[in-house]
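S.K.: Below you will find the structure I want to go over with you.
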Amino acid sequence: MKLCFLASANSIHSFRWIKYFANKGHEVYWLSLGKDLNPEYRMPKVKFFLIKKFPLKPLRPLFYLSSVKKILKKINPDVFHVHYVWIDGMIGALSGFHPFVLTAWGSDILVAGKNFLAKSLIKFALRKADLITCDAEHMKETIMKLGAKPEKIKIIYFGVDTKKFCPGPKDKELIKKLGIENCPVVISLRNLEPIYDVETLIRAIPLVLKEIPSVKFIIAGKGSEEKKLKNLAKELRISESIRFVGWINHEILPDYLRLGDVYVSTSVSDSTSISLLEAMACGLPSIATNVGDHPRVLKDGENGFIIPVKSPELLSEKIIYLLKNKEIREKIKKFSRETIVRSYNYFREMAKIENIYNELIQMRKG
């Protein structure tokens, strides 16, 4: 197949999706609006096109559309797949190319859709798509409320490479580097943006330290709230207990997850959190907020815990409970791993969409 993707050039989700098809031997093109490719995501088998930002912002979407249409005409792919239902989705819809596949990521539908203009454009893009994919049941319901026909929507999880993300020995050098020898460890991988509400975790830390003074917290990710969160940690006098490690390369992410005893996700809006799935695949007992598909993934008390958003006191209670009960952690570890292997396998999910691409191509030829 000849496949063309319009997707973020610095997202691990785009990279993993596109990498699968490149590795399967398909002819793959990757288009990006305004952002150059992360050097770590370069693939010899993939032809990348950077569509640079037009200087005049009001005219930028028209410039993007013209550029995308020229590229599509030149390469004439079998399928045009756009990731993210907003400007990218609108460009895909206006390109007039078919078959046109559109993937919703979460905030594009759940947050942007609350604005009237954005909502109108999103509805337009969804209407023009031949097929829509998303990675959560509640997102499918939202997409249908926006007017998409149920038969056009398929749930395809981004999934987890369960061979790569699996329980294993702790990296002693990494433990030494982080200064967390002989300490229980809690880890968060969400970016430092308001939507992920890492502030709730920061505010829970003093309560945990009162019960378990030796615990250390690994907080990964970058974002607009980094300075604010570090200042909050100083105000609460807990900086010594936190390791702000920044962005972690996906290749070494399992090494960090294996250091953890508990994983935490405090987001206020979500679809199906990939970092949560990866943590569970590594066997971490997890605590996540009651948003998105978290309650479908985590069965409260069986393979983790679900808490309300912005609940630092309850979060601290669950962290303390898990850290003080090794037997419970071991039980949850098994269930967590089984959940991901059974329902969220990356290769199985990508094989599903590969079959769907073939079906769309056959329909077009028919």
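Per-residue answers, yes or no, for (1) closer than 29 Å to Ser214 by Cβ; (2) surrounded by fewer than 16 Cβ atoms within 10 Å (Cβ to Cβ); (3) among the basic types (Lys, Arg):
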{"residue": "Ile306", "(1), (2), (3)": "yes, no, no"}
{"residue": "Ser336", "(1), (2), (3)": "yes, no, no"}
{"residue": "Ser343", "(1), (2), (3)": "no, yes, no"}
{"residue": "Glu349", "(1), (2), (3)": "no, no, no"}
{"residue": "Met363", "(1), (2), (3)": "no, yes, no"}
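S.K.: Quick test for you: out of Arg190, Arg203, pick the one residue that is within 19 Å of Lys310 (Cβ to Cβ) and part of a loop (DSSP other than H, G, I, E, B).
M.R.: Selected residue: Arg190, the only one of Arg190, Arg203 that is within 19 Å of Lys310 (Cβ to Cβ) and part of a loop (DSSP other than H, G, I, E, B).
S.K.: Okay, moving on. Can you name every residue in segment 73-121 that is in a helix (DSSP H, G or I), touching a helix residue (DSSP H, G or I) at 6+ places or on another chain (Cβ under 9 Å) and at pLDDT 90 or above?
M.R.: The answer is Asp88, Gly89, Met90, Ile91, Gly92, Ala93, Leu94, Ser95.
S.K.: Exactly one of these conditions fails for Glu354: (1) surrounded by fewer than 21 Cβ atoms within 10 Å (Cβ to Cβ); (2) in contact with a helix residue (DSSP H, G or I) (Cβ under 6 Å, 6 or more places away or on another chain). Give me its number.
M.R.: (2)
S.K.: What pairs come up if the first residue lies in segment 199-228 and is under 20 Å from Tyr321 (Cβ atoms) and among the basic types (Lys, Arg), the second is modelled with pLDDT of 95 or more and part of a helix (DSSP H, G or I), and their beta carbons are under 7 Å apart, counting only those six or more places apart or on different chains?
M.R.: Once the first residue is under 20 Å from Tyr321 (Cβ atoms) and among the basic types (Lys, Arg) and sits in segment 199-228, its partners that are modelled with pLDDT of 95 or more and part of a helix (DSSP H, G or I) give Arg203/Pro312; Lys216/Ser241.
S.K.: Scan segment 39-60 for residues that are outside any strand (DSSP E or B) and either among the charged types (D, E, K, R) or under 27 Å from Lys352 (Cα atoms) (or both) and jot them down.
M.R.: Glu40, Tyr41, Arg42, Met43, Pro44, Lys45, Lys52, Lys53, Lys57, Arg60, listed by residue number.
S.K.: Among all residue pairs at least 6 apart or on different chains, which show Cβ distances below 6 Å where the first residue, located in segment 237-256, is assigned by TED's automatic domain parsing to the domain that holds Pro184 and the second is of a type in the set (Ser, Thr, Tyr) and surrounded by 11 or more Cβ atoms within 10 Å (Cβ to Cβ)?
M.R.: Ile248/Tyr256
S.K.: Moving on to the next point. Given the condition of a type in the set (Asp, Glu), at pLDDT 90 or above and farther than 29 Å from Glu40 by Cα, answer yes or no: does some residue in segment 346-355 qualify?
M.R.: Within segment 346-355, not a single residue is of a type in the set (Asp, Glu), at pLDDT 90 or above and farther than 29 Å from Glu40 by Cα.
S.K.: Report the residue count in segment 144-178 for those that are surrounded by 15 or more Cβ atoms within 10 Å (Cβ to Cβ) and basic (Lys, Arg).
M.R.: 2
The values are calculated or read from the model by the stated rules, or taken from the named source; none is laboratory data. The model shown is predicted, which means the values in this text are computed figures rather than measured ones. We place every Cβ from the backbone using ideal geometry, glycine too, and count neighbours over all the protein chains shown.
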